[in-house]
1. Taking the stated definitions as given, is LYS186 within 14 Å of ASN484 (Cα to Cα) and either in contact (Cβ under 8 Å) with a residue 60 or more places away in the chain or assigned to a helix (DSSP H, G or I) (or both)?
2. Of the residues that sit in the stretch 514-566 and are surrounded by fewer than 17 Cβ atoms within 10 Å (Cβ to Cβ) and among the small types (Gly, Ala, Ser), which one is nearest to LEU487 (Cα to Cα)?
3. Filter the stretch 322-380 down to residues that are surrounded by fewer than 21 Cβ atoms within 10 Å (Cβ to Cβ) and on the phi > 0 side of the Ramachandran plot and give me whichever is nearest to the chain's Cα centre (by Cα).
4. Of the residues that make up the stretch 310-317, is at least one away from ligand 2 (no atom under 16 Å from the Cβ) and of a type in the set (Ser, Thr, Tyr)?
5. Could you tell me which residue of the stretch 433-475 is surrounded by the most Cβ atoms within 10 Å (Cβ to Cβ), considering only residues that are over 27 Å from ILE540 (Cβ atoms) and in contact with a strand residue (DSSP E or B) (Cβ under 6 Å, 6 or more places away or on another chain)?
6. Looking at this structure, is ASP310 more than 16 Å from ligand 1 (Cβ to nearest atom) and either surrounded by fewer than 23 Cβ atoms within 10 Å (Cβ to Cβ) or assigned to a loop (DSSP other than H, G, I, E, B) (or both)?
7. Go through the stretch 352-409 and report how many residues are more than 25 Å from GLU302 (Cα to Cα), away from ligand 1 (no atom under 16 Å from the Cβ) and without any contact (Cβ under 8 Å) to a residue 24 or more places away in the chain.
8. Evaluate the stretch 32-47: report whether one residue or more is at pLDDT 95 or above, under 22 Å from GLU252 (Cα atoms) and in contact with a Gly (Cβ under 9 Å, 6 or more places away or on another chain).
Amino acid sequence: MKRTLLIILTITFAVACRENKQPQPFSVIPMPNDVTLAEGSFNVAGAPVSYDENVDAASAKAIDGFVKTLETVTGKAGKNGKNGGIHFGLNPNLGAEEYFLQVKPDGVNVEASAFGGFFYAIQTLKQMLPAEVYGAKKAKAAWLLPCVTILDAPRFDYRGIHLDPCRHFWSIEETKRYIDIAATYKLNRLHWHLTEDQGWRMEIKKYPKLTEVGAWRSGTCIGKDFDSSDGIRYGGFYTQDQMREIVAYAAERNITVIPEMDLPGHMVAALAAYPELGCTGGPYEVWTRWGVSEDVLCVGKEETFNFLEDVLTEMLDIFPSEYIHIGGDECPKVRWETCPLCQARIKSLGLKAHDGISAEQELQCYVTARIQQFLNERGRKIIGWDEILEGDLAAGATVMSWRGTQGGIEAARRGFDVVMTPNSHMYIDYYQSQERDKEPLCIGGLVTVPKLYSYEPYDGMAPGTEDHILGVQANLWTEYVTSNEFLEYMLLPRMCALSEVQWCNADRKDYARFDASLDHTFQMLDVMGYTYAKHVRGIIGLPGQEQPARTEEELKKYLEEQPINW
Ligand code: ACM
Ligand code: ZN
């Protein structure tokens, strides 16, 4: 009898402890810029949720979605009414992505001026709750928000992530998952790299062969043997309706999709479809190997400009983004050097070599300027890889600095706006550890989580030019990334570290605090079913191929040896 009583008491105590309802430790990523925690908590289960009548439709939809989530995971429907619940109110004094959030024992007050602010307040609220809030079913958890006052706004306006669906193709559903997780960490741009030597991915109605021919390659090289081929036809493309669907889906998550047509290089897939656009006339084949092709668009022909303008016209109809990415990287000039039409254009424009810049480089500047003018006249702006800086560049262009930081520093010095995406820190197709034999095959390099986290975008800039830095982006090229699981393994948690580079003021960054917060992020990712890399916990490899966990001693040594300034 006594024993039974003891068991009952023990169980009752354990249940009471579990239900002794402490909010989970504050571990929001990216860390809000002003946070004051207080004693106490607020229970969201069954709490009434309300919002000002005049919030815009997008904000209302986001709030309604949050209410539905709370109802699903807590199993309790929120009651109507403004008192003692969660209220979302308009505050026109806040910036577009700024929000104020106060949790008290008797209610929660959220303020924002626009959709971005409301959306980010909701992301913060969700991260303050148990990870099960990211699930699709009722969960037993302490549905408590800690009492806190937050005033939060991003350090940078441009917070990007890039995706390459050309080297390997990502379905609409996979792309939406990518967008979902980017939005969770408050990123607001998806740079969608839609054209490449290895595949053209955009349906263009006026040029059907771009997808009939250009979207398919006859095989893919095996590993790093570029002359080999697995012989398996590979490809895919997005219809215009599907691209519109992605644009709308992203917009509901405060993400603008920036499409890229990479020109005048990286165009072999388009040349395979329309060989008359090349200098030699081909024939060309959609590339099965990686690298940089010497075959590029022939810009001596007017036909090529007609093609580019036609494609851009259809792109503008699909993508409302202010920026259109025009590529501009890795365009060898060997074909232009011997092409009579390209040379005739150089002559007629009076382009000359000067100051280490060749006449052919100036010809690329001419292409950039013509496309820029075309887009400017239609109310859009160009952004391009840092090669567009070589030679003259017209005012109003924005430069994406990828070959380290120097291009960005130089562009800002010359008065251009810049997005920093240096391969030294922001190429997340690079390896995540020095133990390459334990990793899936990658392109090379090394970008660990702490290394990416350590990046400071203003380092090396001429004083007074910092305002030209619009923001930061990480790039995920997919030559070697062959599955969605692998894609997510490369993305996460490096994108979480990226989010703090983009969002947090420099003095808010703290790697130890960030690392501790990753425990909660990993729980969230588990609930959502994302694959993620566990190097920061000493585990290397894709799921199913993971190396055995290290001992505590081994882990300490491993983490100490992870290079930041490699
Ligand atoms: C690039 O990585 N070629 C921009
Ligand atoms: Zn030519």
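The values are calculated or read from the model by the stated rules, or taken from the named source; none is laboratory data. Since the structure is predicted, the reported quantities are computational estimates derived from the model, not experimental observations. For neighbour counting, all protein chains shown are included, and Cβ atoms are generated from backbone atoms with ideal geometry for every residue, glycine included.
1. Values: within 14 Å of ASN484 (Cα to Cα): no; either in contact (Cβ under 8 Å) with a residue 60 or more places away in the chain or assigned to a helix (DSSP H, G or I) (or both): yes.
In short, no.
2. GLY529
3. The selected residue is GLU330.
4. yes
5. PRO457
6. Criteria met by ASP310.
7. So the count comes out to 3.
8. no
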